[in-house]
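Report on one structure; see the data block that follows.
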Amino acid sequence: MRKVSVSKIRDTVADLCLKANFELREDVLAAIRAAVDNETEARARRILESIIENARLAKSKRLAICQDTGIVVVHLQLGQNVSLTGGSLISAINEGVSRAYMTGCLRSSVVGDVRVRKNTMNNTPAVIHTEIVKGDKVKITVSPKGFGSENKSAIKMFIPTASDEEIEDFIIEVVKKAGTGACPPVILGIGMGGTFDEASLLAKKALLEPVGSSNPKPHMAKLERELISKINSLGIGPMGLGGKTTILGLRILDYPTHIAGLPVAVNVSCHATRSAERTI
Amino acid sequence: MIKITAPLEKNVIKKLKVGDEVLLSGVIFTARDAAHKRLSDLIKKGGRLPINLKEAVIYYCGPTPPPPGLPIGSCGPTTSSRMDRFTPELIKLGISAMIGKGDRSEEVRKAIKNNKCVYFLATGGIGALLATKVKSASVVLFKDLGTEAIHRLEVKDFPLIVGIDSQGRDIYAKAKWKSE
């Protein structure tokens, strides 16, 4: 067994929270740059250019890309030959989040109870997903998730004989309903298969995949391409003010499912889709 | 580009047309979900509000804390429609303008038209850039709400688009994806 101290995980989580909030992902930035070149509407171009300028300023001034610095979603891939030492893993992760948000001047956006709604004032707790995998490494991915877009996410349990068209219509309807609120151009993570919960988690994980990458299965990749094209023809455009750029990227992650069902989850994310990862 | 100064005079608001791009300078006040809820509860109780909202410009924003040497952190707009349920009563109290992102309810549009107010759009997700337009910031009410406290901001050339003008014309009214 390889020993890994939870303090190392705490420090890594803290670093990744800062990096994710200050430095826009290169793949996202590249997609926005490509959109500027493709965009014909003057206002849409100006908005996209301001997003690029914002990313430059955020990185150089160590300012949050967006004031909604999110609730922190931590994805852990824990090698089964790792032995964690030095205390509680969950506490260590939350200490890392708290330290980053307090020292990095990031916004505390978490309330401790959904009805009482008192801010916890240190942006904890994080939402933590842990997967046990082969090996003796720990891969940590931190993704601060804003709620303008999270609020627009949806899941639908289709019947197994649903057509591609029915599935596409559902996903396109989610984008239309999201409208201006999700800060378009959006990025969509789609989870298909598994169960109600698994589809949602796949959708969330799909947002971590590089923008522009595609599902390895040809029929899924085709669905991705068709959806991107149809969504961009909606004309919503940057901030909903019209243009060719409604979506920057869409990725499907799939999993086997039950003979009676076909869960489809759509996790909506804004143009400031943020994440950072490191393996220790 | 049209330059305007807050507090906004009625004759200035009247001249603004939907789709106009403007640079706003002067004093604005942040308020988002929790502050709206508190103000609304106070109004329902019938007491005097601890803040004078007459002619105020309300910015739907919860900023990040200021890094050393800066008045404010990242400070872009949040989704305006969540405030729709409170907006007509604030308009009745005399606010002159709102800044946020996204479309508004029909009820809000009518209240804007009837009271000759204006709704501005700021671009979402560019909070670092918008922070460079803020000259000073201080918390004036509901400090316990943290980022959701009401902040007084002094802004210079804050870039906005007129989303709903004083005649009730809505920039999103003709968006084909909405009507379908």
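Can you check what the net charge comes to around A:R99, using other residues whose Cβ is under 13 Å from the Cβ of A:R99 (Lys, Arg +1; Asp, Glu -1)?
My count for the surroundings of A:R99 gives -2.
Residues of the stretch B:2-179: accessible area per residue at 1.4 Å, in Å²? Working shown, then result.
Details: 7430 Å² over 178 residues.
I get 42 Å² per residue for the stretch B:2-179.
Per residue of B:140-146, count partner chain C-beta atoms within 10 Å of its C-beta, then hand back the mean as an integer. Provide the component values of the computation, followed by the final result.
On the way: counts 0, 0, 0, 0, 3, 3, 7.
That average works out to 2.
In percent, how large is the relative contact order of the stretch B:2-179, given Cα pairs closer than 8 Å and 6 or more residues apart?
Reported relative contact order: 30 percent.
Around A:I159, under 15 Å between beta carbons, what's the net of Lys plus Arg minus Asp minus Glu among the other residues?
Its environment carries a net charge of -3.
For a quick check: with amide H placed at 1.01 Å from N, whose amide H comes under 5 Å from B:A6's, ignoring anything fewer than 5 positions away on the same chain?
Correct list: B:S25, B:G26, B:V27.
Roll a 1.4 angstrom probe over the protein heavy atoms and tell me the percent of accessible area of the stretch B:2-179 that is carbon or sulfur.
Working: 3890 of 7430 Å².
Result for the stretch B:2-179: 52 percent of the exposed heavy-atom area is carbon or sulfur.
How large is ³J(HN,Hα) for each residue in the stretch A:66-83, as worked out from phi by the Karplus curve 6.51 cos²θ - 1.76 cosθ + 1.60 (θ = phi - 60°), to whole Hz, x for Gly and Pro?
Computed from phi, the couplings for the stretch A:66-83 are 9, 5, 7, 7, x, 8, 7, 9, 10, 9, 10, 10, 9, x, 6, 9, 9, 10 Hz.
Work out the mean other chain Cβ neighbour count within 10 Å for the residues of A:55-62 and drop it here as an integer.
4
For the stretch A:167-214 and the stretch A:218-280, compute the distance between their C-alpha centroids and round to whole Å.
The two parts, judged by their Cα centres, are 4 Å apart.
What total accessible area, in Å², is buried where chains B and A meet, using a 1.4 Å probe and rounding to the nearest 100?
Numbers: alone 9160 and 13490 Å², together 19740 Å².
Summing both chains' loss of accessible area gives about 2900 Å².
So for B:D84, A:D113, what's the accessible-area order with a 1.4 Å probe, most first?
Solvent-accessible surface, decreasing: A:D113, B:D84.
Residue by residue, what Karplus-based ³J(HN,Hα) values in Hz, rounded to whole numbers, does the stretch A:112-125 have, using 6.51, -1.76 and 1.60 with θ = phi - 60° and x for Gly and Pro?
Calculated HN-Hα couplings, in order: x, 9, 5, 9, 6, 6, 8, 5, 6, 6, 9, 6, 9, x Hz.
Calculated from DSSP H runs of 4 or more alone, at -39500 (n - 2.57) each and per residue, what is the 222 nm mean residue ellipticity of the protein assembly as shown, nearest 500? List each step's numbers first, then the result.
Numbers: 14 runs with 153 residues, N = 460.
Computed ellipticity for the protein assembly as shown at 222 nm equals -10000 deg cm²/dmol.
Quick one: ranking B:E148, A:E49 by accessible area, 1.4 Å probe, largest first, what do you get?
Ranked list, largest accessible area first: A:E49, B:E148.
At what distance in angstrom do the alpha carbon centres of the stretch B:1-19 and the stretch B:126-180 lie from each other?
Result: 15 Å between the Cα centres.
How large is the accessible surface of A:K205 in square angstrom, using a 1.4 angstrom probe and rounding to the nearest 10?
Taking all protein chains as shown, A:K205 has close to 50 Å².
Just to check, using Stokes-Einstein with a Kirkwood Rh over alpha carbon pairs, what's the diffusion coefficient of the stretch B:71-180 at 20 °C and 1.002 mPa s in µm²/s?
Answer from the Stokes-Einstein relation: 143 µm²/s.
Go through A:170-179, A:115-124, B:57-66 and give me the packing order, highest mean Cβ count within 10 Å leading.
Listed from highest to lowest mean packing, they are B:57-66, A:170-179, A:115-124.
Compute the distance from the alpha-carbon center of the stretch A:135-164 to that of the stretch B:55-93, in whole Å.
Cα centroid of the stretch A:135-164 versus Cα centroid of the stretch B:55-93: 29 Å apart.
Determine the residues within the stretch A:64-86 where the difference in accessible area between the chain on its own and the full set of protein chains amounts to at least 40 Å²; count protein heavy atoms only and use a 1.4 Å probe.
Hits at the 40 Å² cut-off: A:Q67.
Between A:F158 and residues 5 or more places away or on another chain, which pairs have amide H atoms under 5 Å apart, with H built 1.01 Å from N, and which residues are they?
Hits under the 5 Å cutoff: A:L262, A:V264.
Can you check what the net charge comes to around A:Q67, using other residues whose Cβ is under 13 Å from the Cβ of A:Q67 (Lys, Arg +1; Asp, Glu -1)?
Neighbour charge sum, excluding A:Q67 itself: +2.
Rounded, prolate or oblate: which one fits the stretch A:154-280, using the alpha carbon gyration tensor with axes a ≥ b ≥ c (rounded when a/c is under 1.5, else prolate when a/b beats b/c, else oblate)?
oblate
So what are the ³J(HN,Hα) numbers for the stretch A:265-280, from phi and the Karplus equation (6.51, -1.76, 1.60; θ = phi - 60°), rounded to whole Hz, Gly and Pro as x?
Calculated HN-Hα couplings, in order: 10, 10, 9, 8, 9, 7, 5, 9, 6, 10, 6, 8, 9, 7, 10, 10 Hz.
Count the DSSP beta bridges whose two residues both fall in chain A, then state the antiparallel fraction as a percent rounded to the nearest 5.
55 percent
Of A:K204/A:K230; A:K134/A:K204; A:K118/B:K174; A:K244/B:K110; A:K204/A:K244; A:K118/A:K152, which sit over 29 Å apart, Cα to Cα?
Long pairs (Cα-Cα over 29 Å): A:K118/B:K174; A:K244/B:K110.
Rounded if a/c is under 1.5, else prolate if a/b is larger than b/c, else oblate: which is chain A, with a ≥ b ≥ c the root eigenvalues of its Cα gyration tensor?
Taking the square roots of the gyration eigenvalues as a ≥ b ≥ c, chain A is oblate.
The values are calculated or read from the model by the stated rules, or taken from the named source; none is laboratory data. The model shown is predicted, which means the values in this text are computed figures rather than measured ones. So basically every Cβ, Gly included, is an ideal-geometry build from the backbone, and we count neighbours across all protein chains shown. When the accessible area is computed, the model is the full protein with side chains, heavy atoms only, and any ligands, DNA or RNA have been set aside. Shrake-Rupley method; radii C 1.70, N 1.55, O 1.52, S 1.80 Å.
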